[in-house]
Amino acid sequence: MRTDGGNLMKKTVSAIVLIVLSSAFSLFGGIIPDGKEIDWQLSTGLTFMPGLLYADQWDPGYSGTAFTFLVSGEYEKITISSGLEAGITYAGITLLFPLKGSFLIARGKSLDFSLQAALMPGMIMARPTPYFLFAGEITGELKWHFGSRSSLAFTVGPRYTSSPSYSASVAPYSLLDIVCGVNLVILRD
Amino acid sequence: MKTFRFLVFQTLILFSVASCSYRPLFAPDEIPADISITEDRNSILIEPLNGAAADVGLLFYPGGLVDNHVYNKLLSGFSSATGVPVVVVKMPANLAVLDIYSGLEIVEDFPDTARWVIAGHSLGGSMAASVVFKYPDEFEGLIFMDSYPANSAGLSGWSGAVLSLFSSIEKISDSERMEQTLSLIPPATWIGESSRVYPADKSNYSVLHQIDGGSHSYFGTYGPQDGDYTPTITREEFHSEVIDYMREFFDENGWR
């Protein structure tokens, strides 16, 4: 006899994706004055996570790598982004749903510099049920425009990640990383 | 563009859901009281409390897509019974195939431990065999748990000793698979309750043992795993038998 499992996970993931994305874009839509133009962007890339602390102890090493996919709306100096970050970590596969705010500090002919802050609820993918996970980060972003509709964005900054439920039931899980990201940004039609 | 965005989201989510790891299913008080478990970013160390520095250690590679901690209960039972420290290698995404040789770096953190035996469950066992294949002099023994070497990492000529444990009769019922497995490990002898006889020459040999009524996930404390067989014995009975055969394997080879 064989056993099966798994539908609960799919429903949980789907529900969280819908809630986070709809919340993010509803919020952004609500604060933009009527008639103003928003530049919509898609960005995709990799985030590398060299770490400094593990379980609140000094333990330098590598925490993981993540694939990111973000949808952003840019209005004057403010950009709001939301999307998905799938990470490969030592606790397993993680999914984070970033809600990121970015403020333009300096704009050059082909280079922009912004400061970003992000809150990222998510989960460590586990069965039969995932572990809740959250992260927060503050990063600097240097964006190089190499075409009329595309640019490369490099980010670096500290990120704190923690999973209270994993810590309570398995092992302490909190990380302080210095994340380094590289993303291809495409301006939407 | 909407189609592209939809596809990327779906791909990421499906990939993540398909890559879920099994959670451990035991309480902290199920770990023997005489055992200490400490961990860092890369490994979990399971050792007797106040134990003397050990001459031999067990390096363990977890199975694929199970949390790195699901073996703590079995391995702490083994460490408690033998005094041998165990180091579980944490794998990225809980997939040993993504960092096959990381165990070798962890071993370097234990300069007082001169001899090492490597073990692995399922995918972890196959990757452990690949480590031995590439660095045959680093290990004196290898323990498979429902596992076998990859075809590209045959160990039939390896001078070390191999113990291969199978969780149930179903795991050895594929005669073609078993024939292939036997061709990839040193000359093998089946052992069981009625015949626990090891070869006199303690090099280049394998002993195989099949447990009656277990299941694949019983090597850890998780599950039931998709596709697993329904066990007819308890997990505690299963662990007791596994620890017994592992202890005997260590004794027969003079590792403790």
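Structure notes:
- Computed 3J(HN,Hα) for the stretch B:188-199, one whole-Hz value per residue from the Karplus formula 6.51 cos²θ - 1.76 cosθ + 1.60 where θ = phi - 60°, is 10, 10, 7, 10, x, 4, 7, 8, 10, 10, 8, x, glycine and proline marked x.
- Computed over the stretch A:77-118, the ratio Rg/Rh where both radii use C-alpha atoms and Rh is Kirkwood: 1.16
- Legend: calculated FRET efficiency, B:THR230 to A:LYS109, from the Cβ-Cβ distance at R0 = 56 Å, rounded to 0.05, equals 0.25.
- Here the translational diffusion coefficient of the stretch A:52-189 follows from Stokes-Einstein with Rh set to the Kirkwood radius across Cα pairs; for 10 °C and 1.306 mPa s it amounts to 100 µm²/s.
- Between B:SER43 and B:LYS90, the built amide H atoms are under 5 Å apart, and every one of these is 5 or more places off in sequence or on another chain.
- Dipole magnitude for the stretch B:23-252: computed about the Cα centre from +1 point charges on Lys and Arg Cβ and -1 point charges on Asp and Glu Cβ, it is near 320 debye.
- Dimensionless Rg ratio for the stretch B:47-189, taking C-alpha atoms and the 2.2 N^0.38 Å reference: 1.01
- Positive end of the dipole of the stretch B:23-252 (Cβ unit charges, origin at the Cα centre): among B:ILE100, B:VAL197, B:TYR218, the Cα lying farthest that way belongs to B:ILE100.
- The HN-Hα couplings worked out from phi for the stretch A:130-146 by the Karplus form 6.51 cos²θ - 1.76 cosθ + 1.60 (θ = phi - 60°) are x, 9, 5, 9, 9, 9, x, 8, 10, 9, x, 10, 10, 10, 9, 8, 10 Hz, whole numbers, x standing for Gly and Pro.
- Entries in B:LYS73/B:LYS134; A:LYS100/B:LYS90; A:LYS100/A:LYS143 that, when Cα-Cα distance is taken, lie over 25 Å: B:LYS73/B:LYS134; A:LYS100/B:LYS90
- Cα-Cα P(r), the stretch B:159-225, percent of pairs per 5 Å interval: 4, 15, 23, 23, 19, 12, 4, 1
- Value of [θ]222 nm, deg cm²/dmol, for chain B, DSSP H segments ≥ 4, -39500 (n - 2.57) each, nearest 500: -9000 deg cm²/dmol
- Residues of type aspartates and glutamates that A:LYS109 reaches as a straight line, Cα spacing below 17 Å, ignoring anything fewer than 8 places off in the same chain: A:GLU76, A:GLU141
- Here r is the Cβ-Cβ distance between A:ILE138 and B:ALA200 and R0 is 56 Å; the resulting FRET efficiency, rounded to 0.05, is 0.25.
- For chain B, the C-alpha radius of gyration sits at 1.02 times the compact-globule guess of 2.2 N^0.38 Å, with N the residue count.
- At q = 0.08, 0.11 Å⁻¹, base-10 log of I(q)/I(0) for the protein assembly as shown (Debye sum, equal scatterers on each alpha carbon): -0.53, -0.87
FYI, it's all coordinate maths here, none of it is from the lab. Nothing here was measured: the structure is a model prediction, and the numbers come from that model. Reconstructed Cβ throughout: ideal geometry from the backbone, glycine too, with neighbour counts over all protein chains shown.
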